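Here the structure is laid out as structure tokens; the discussion comes afterwards.
Here, each number is a calculation from the coordinates, and none is a lab measurement. Remember, predicted model here, so these are calculated numbers, not experimental data. Reconstructed Cβ throughout: ideal geometry from the backbone, glycine too, with neighbour counts over all protein chains shown.
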């Protein structure tokens, strides 16, 4: 198993191998995203029962929670890719980190916007400066900072290094977002989905949410792979295998 | 592992752990300022100055909501289980406002230590369920109580 992982890791470092293997994955990822999104949204919006307190307005959870989870996971993946680049100087890792940043930032923005739309009818306000909302806004700004640094410096290597360091520093914000609702008094409620306990949600509402979460991760993988393929083609444009590919 | 890579790995771990500790200490020292609202216990203990804008949070005490006969004014009490604070608010309450609900009110304490609120926000909890399940839970709760009192006799 370990041997296999090490081999996979070395292979992933090869842009050509990555480009070829992902060509085969893309149709599956597209199919899963479309089917998962359709099933999840139909179940969530049409078949899940209304909430006892919030009525139908709770249904925005099917966008809000997957987007917020993904925005945090994407930041962690970006930081890991950045660390791999810093330690092993693997170019592919830098390209992956650069591909993740705008996608993660988009999901972070979606989470913030859907949260505001949800907050107005339930809390009575679009925005409060409580710990959860503020730390999530900080995550968006960290994404912007990483995106800027990844392109800021003339030398591409130095640019990637700067972006990787900021994403590693920004990593400290992730546990703050997660535990903000427990450490401090906030308007935002504590987590519904917990790793160690049963989710405090009716199964009819929970199943569509889980489908939407998995689908969002699949969709994210698709977007990042497509963007990384573009990076591969651009950086390897002078290599013979890309030329052959473009000519055929 | 190549010694230079090992060095870089250690440097990165040092960076992440160092920043983590620094931010952790910062958050710990600021924890009172990061709290969105003060609890009724803190207000009753006199930790909150009169005449300064604060946020007070707690559960609306059942039976404490009194609406003015004219206008939108409403007076109610919030509790955290240990202490209570009276709140007056003249405005439209959020839909989720009801007895037993968690709320956060922004306003100033007046001389009678009543919070004159300019904004009332409703909290909701992390539980999601259909209304029928909630009804069934309440019914079961009532039945259980009844069974217990019957047993006592």
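Here are the numbers for this structure:
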{"read-out": "Radius ratio Rg over Rh of region B:1-89, counting only Cα atoms, Kirkwood formula for Rh", "value": "1.38"}
{"read-out": "Between 0 and 90°, nearest 10: helix A:203-235 axis offset from chain A longest Cα axis", "value": "20 degrees"}
{"read-out": "Burial ordering of A:178, B:77, fewest other beta-carbon atoms within 10 Å first", "value": "A:178, B:77"}
{"read-out": "Cα pair distances of region A:1-144 binned at 5 Å [whole percent]", "value": "2, 8, 12, 15, 17, 14, 12, 8, 6, 4, 1, 0"}
{"read-out": "Alpha-carbon centroid distance for the pair region A:70-92 / region B:1-63, whole angstrom", "value": "27 Å"}
{"read-out": "Extent along principal axes [Cα atoms of chain B; Å; largest to smallest]", "value": "76, 49, 31"}
{"read-out": "Label-point gap, in nm, between residue A:76 and residue A:26 - each point 7 angstrom along Cα→Cβ", "value": "2.9 nm"}
{"read-out": "Mean separation of Cα contacts under 8 Å, 6 or more apart, over the residue count of chain A: relative contact order %", "value": "28 percent"}
{"read-out": "Hydrodynamic radius of region A:1-68 per Kirkwood, over alpha carbon pairs, in Å", "value": "15.5 Å"}
{"read-out": "Residue-averaged 222 nm ellipticity for chain B, from DSSP H runs of 4+ at -39500 (n - 2.57), nearest 500", "value": "-12500 deg cm²/dmol"}
{"read-out": "Residues residue B:118 and residue A:47, FRET efficiency given R0 of 41 Å [Cβ-Cβ distance, rounded to 0.05]", "value": "0.50"}
{"read-out": "Relative contact order (percent, whole number), chain B, Cα cutoff 8 Å, 6+ residue spacing", "value": "17 percent"}
{"read-out": "Relative counts (whole %) of C-alpha pair distances in region A:204-248, using bins that are 5 Å wide", "value": "5, 20, 15, 13, 11, 9, 8, 7, 6, 4, 2"}
{"read-out": "Scaled radius of gyration (Cα, divided by 2.2 N^0.38 Å) that the protein assembly as shown gives", "value": "1.21"}
{"read-out": "Helical mean residue ellipticity (222 nm; -39500 (n - 2.57) per DSSP H run of 4+; nearest 500) of chain A", "value": "-26500 deg cm²/dmol"}
{"read-out": "Pairs of Cα atoms farther than 23 Å apart, region A:107-226, %", "value": "46 percent"}
{"read-out": "Label-point separation, residue A:245 to residue A:37 (7 Å along Cα→Cβ), nm", "value": "2.4 nm"}
{"read-out": "Zero-based 10 Å bins, Cα pair distances in region B:32-72, whole percents", "value": "22, 40, 30, 7"}
